[in-house]
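S.K.: This is the structure I have questions about; it appears just below.
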Amino acid sequence: MALFIDEPVTRVADPAGKPTLPTIKPTVDRFGRRIDYLRISLTDRCNLRCVYCMPATGMHFAPKDELLTDEELLRLVALTTELGFRKFRLTGGEPTVRPNLPELVAAIRALPGVEEVAMTTNALLLPKLAPRLAAAGLDRVNISIDTLDPDRFRRITRGGELRKVFDGIRAAEEHGLAPIKLNAVVVRGFNDHEVADLAGLTLDHPWQMRFIEIMPLDGVFDVARERLVPSAESRALIAARWGPLTPEASHDPADPARPYRLPGAAGTVGFISSVTENFCAGCNRLRLTSEGKLRLCLLRSDELDLRALLRAGATDGELRAAVRAGVWRKPWGHGLKDGLLPVGRGMSQIGG
């Protein structure tokens, strides 16, 4: 355990008096990957109930007292910045249903060392929240949109209105929450025949349309097994409609979406191929669930209980050491090819 003995972090100030961080050695895992990106689930609740995310019935939501408080959440985020974490994404459930969201964004954005705060959302509440989120310092948003057919959208989301998603996209653009990325989970028999239509959104808009393979998470194992559409199939469908896809030369290997451009398009299309073309070698992230569990891989059940440490009175040094230990034991990959399935939590309970 000597490997994880923590050293105190001394803050210094720049000439303007704003606190800054000293030079920090990047936190790396045992495979040499630099881990500097934390996805934070603010809640396991959502105002939709998508077929690939939640079961139709029997969903268990955590009691309020099991969720991290604002103060606990901000303490943990501040400690991760002291370990070299620089990028943060707010997820859910649906993060916009969390109370005090703009205030949380502002508090995270103000932490020394934070380079980006983004959010993944279904966009339904963005017309109301976008001005305050932009003023608080939110950099950009990813928005879920799985179909362009209002009736199909209603079925996939079990009651959602597609019109409200586009209202949210317009609000995000108006308030500078860009570049906008649009997420579609491709599910055979639900929306696989629409991938070319969705890709066509990038012809006239500077968006990235991202096609995500459905992942086998608890509650949707059967859907994932029976309705997986490989990214190669989606690419072929798009190319057949719009012409050859040209890979983008400036792709960041840590970005799970491999981007391409359609002929003459203003935006790009991307493919997140967790199942058939995994990107584990470039993974730079951990996840913090709304209950305070540090999840080391989306598709592995291994977690570290930071909430228990917080509420037992752990010092900052002990919490930093725990995060370092979690980073070190982060697995190389998700293990799907070996038959390992992440039981115990669905996507809304983990954070996307």
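The values are calculated or read from the model by the stated rules, or taken from the named source; none is laboratory data. Predicted, not measured: the structure shown is a model, and the values here were computed from it. In this analysis, Cβ positions are derived from the backbone assuming ideal geometry, glycine residues included, and neighbour counts consider all displayed protein chains.
S.K.: Go through Leu38, Leu74 for me and flag whichever is free of Cβ contacts under 8 Å to residues at least 40 places away in the same chain and not in a loop (DSSP other than H, G, I, E, B).
M.R.: Numbers: Leu38 fails: free of Cβ contacts under 8 Å to residues at least 40 places away in the same chain.
Checking each option against the conditions leaves just Leu74.
S.K.: Among the residues of region 237-271 satisfying the criterion of being touching a strand residue (DSSP E or B) at 6+ places or on another chain (Cβ under 8 Å) and of a type in the set (Phe, Trp, Tyr), which is farthest from Val186 (Cα to Cα)?
M.R.: Here the residue is Tyr260.
S.K.: Go over the candidates Thr246, Thr276 one by one and state the one that is modelled with pLDDT of 95 or more, polar (S, T, N, Q) and more than 16 Å from the chain's Cα centre (by Cα).
M.R.: Only one candidate passes the filter, namely Thr246.
Here is a yes/no grid of residues against (1) of a type in the set (A, V, I, L, M, F, W, C); (2) at pLDDT 90 or above; (3) buried (at least 22 other Cβ atoms within 10 Å of the Cβ):
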| residue | (1), (2), (3) |
| --- | --- |
| Arg163 | no, yes, no |
| Gly168 | no, yes, yes |
| Ala171 | yes, yes, no |
| Val186 | yes, yes, yes |
| Leu198 | yes, yes, yes |
| His205 | no, yes, no |
| Ile212 | yes, yes, yes |
| Phe221 | yes, no, no |
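S.K.: So which of Ala62, Ala16 ends up being under 26 Å from Ala312 (Cβ atoms), in a loop (DSSP other than H, G, I, E, B), modelled with pLDDT under 95 and small (Gly, Ala, Ser)?
M.R.: Ala62
S.K.: Within the bounds of region 143-150, is there any residue that is of a type outside the set (Ser, Thr, Tyr) and either free of Cβ contacts under 8 Å to residues at least 24 places away in the same chain or under 22 Å from Ala254 (Cα atoms) (or both)?
M.R.: So far as region 143-150 goes, yes, one or more of its residues are of a type outside the set (Ser, Thr, Tyr) and either free of Cβ contacts under 8 Å to residues at least 24 places away in the same chain or under 22 Å from Ala254 (Cα atoms) (or both).
S.K.: Within region 282-301, track down each residue that is without any contact (Cβ under 8 Å) to a residue 60 or more places away in the chain and surrounded by fewer than 18 Cβ atoms within 10 Å (Cβ to Cβ).
M.R.: Correct list: Arg300, Ser301.
S.K.: Only one residue in Arg39, Arg75, Arg45, Arg34 is in contact with a Phe, Trp or Tyr (Cβ under 7 Å, 6 or more places away or on another chain), modelled with pLDDT of 85 or more and not acidic (Asp, Glu), so which one is that?
M.R.: None of the other options fit; the residue is Arg45.
S.K.: From the list Pro150, Pro99, pick out the single residue that is within 30 Å of Glu213 (Cβ to Cβ), surrounded by fewer than 21 Cβ atoms within 10 Å (Cβ to Cβ) and more than 18 Å from the chain's Cα centre (by Cα).
M.R.: Criteria check complete, one pass: Pro150.
S.K.: Report those strands (runs of 3 or more DSSP E) wholly inside region 152-266 carrying at least 2 residues which are hydrophobic (A, V, I, L, M, F, W, C) and in contact (Cβ under 8 Å) with a residue 60 or more places away in the chain.
M.R.: In region 152-266, 208-213 are the strands (runs of 3 or more DSSP E) which contain 2 or more residues that are hydrophobic (A, V, I, L, M, F, W, C) and in contact (Cβ under 8 Å) with a residue 60 or more places away in the chain.
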